[in-house]
Amino acid sequence: MPVSRSAPDTWETFVAAATACIEATRREPGCLGYEFHESLTSPCRFVSFESWETRADIDRHMRSEHMVTFLKATRACVMAPPVIEVIEPRSIDRL
């Protein structure tokens with residue numbers, strides 16, 4: 001679950017790069033879901049929710065051409081390197 005914060009003056013550049021990355025990522029083998037969301041209470045704070053079939057799929061995604069392009073395009077946009085947490089639940093109960 002990556003969390004990124006863009007500078008306000010680079011918001012449009014960040015969103016454009018993220019949009020291109022989202023479209024390409026959703027076509028990757030093993031991608032079950034890939035979403036970017038901007039906080040309603042903290043503008044320019046983005047959280048990505050990703051779901052993958054296997055860890056190998058995530059690793060391949062991180063090396064993909066569109067991910068490398070996204071990271072290069074947004075390097076100047078973010079205020080700090082993104083924080084990435086991998087969460088592997090043992091079970092999920094639906095309410």
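Restricting attention to region 26-60 and to residues that are small (Gly, Ala, Ser) and not in a strand (DSSP E or B), the residue that is nearest to residue 88 (Cα to Cα) turns out to be 56.
May I ask you to verify whether residue 14 is in contact with a strand residue (DSSP E or B) (Cβ under 8 Å, 6 or more places away or on another chain), touching a residue at least 60 places away in the same chain (Cβ under 8 Å) and surrounded by 15 or more Cβ atoms within 10 Å (Cβ to Cβ)? Yes, satisfied.
When region 75-91 is limited to residues that are under 14 Å from residue 14 (Cβ atoms), among the hydrophobic types (A, V, I, L, M, F, W, C) and assigned to a loop (DSSP other than H, G, I, E, B), the one that is least open to solvent (accessible area, probe 1.4 Å) turns out to be 77. Just one of the numbered conditions (1) within 12 Å of the chain's Cα centre (by Cα); (2) touching a residue at least 60 places away in the same chain (Cβ under 8 Å); (3) over 14 Å from residue 17 (Cβ atoms) is not true of residue 62; which one? Unmet for residue 62, out of (1) within 12 Å of the chain's Cα centre (by Cα); (2) touching a residue at least 60 places away in the same chain (Cβ under 8 Å); (3) over 14 Å from residue 17 (Cβ atoms): (2).
Could we say that residue 74 is at pLDDT 95 or above and of a type in the set (Ser, Thr, Tyr) here?
Working: at pLDDT 95 or above: no; of a type in the set (Ser, Thr, Tyr): yes.
For residue 74, the condition - at pLDDT 95 or above and of a type in the set (Ser, Thr, Tyr) - is not met.
Report whether or not residue 23 is in a strand (DSSP E or B) and either buried (at least 17 other Cβ atoms within 10 Å of the Cβ) or within 13 Å of the chain's Cα centre (by Cα) (or both). The answer is no for residue 23. If only residues of region 35-74 that are surrounded by 15 or more Cβ atoms within 10 Å (Cβ to Cβ) and acidic (Asp, Glu) are counted, the one that is farthest from residue 87 (Cα to Cα) is 38.
The values are calculated or read from the model by the stated rules, or taken from the named source; none is laboratory data. Keep in mind that this is a model prediction, so the values were computed, not measured. Quick reminder, even Gly has a Cβ in these numbers, built from the backbone with ideal geometry, and neighbours come from all protein chains shown. When the accessible area is computed, the model is the full protein with side chains, heavy atoms only, and any ligands, DNA or RNA have been set aside. Shrake-Rupley method; radii C 1.70, N 1.55, O 1.52, S 1.80 Å.
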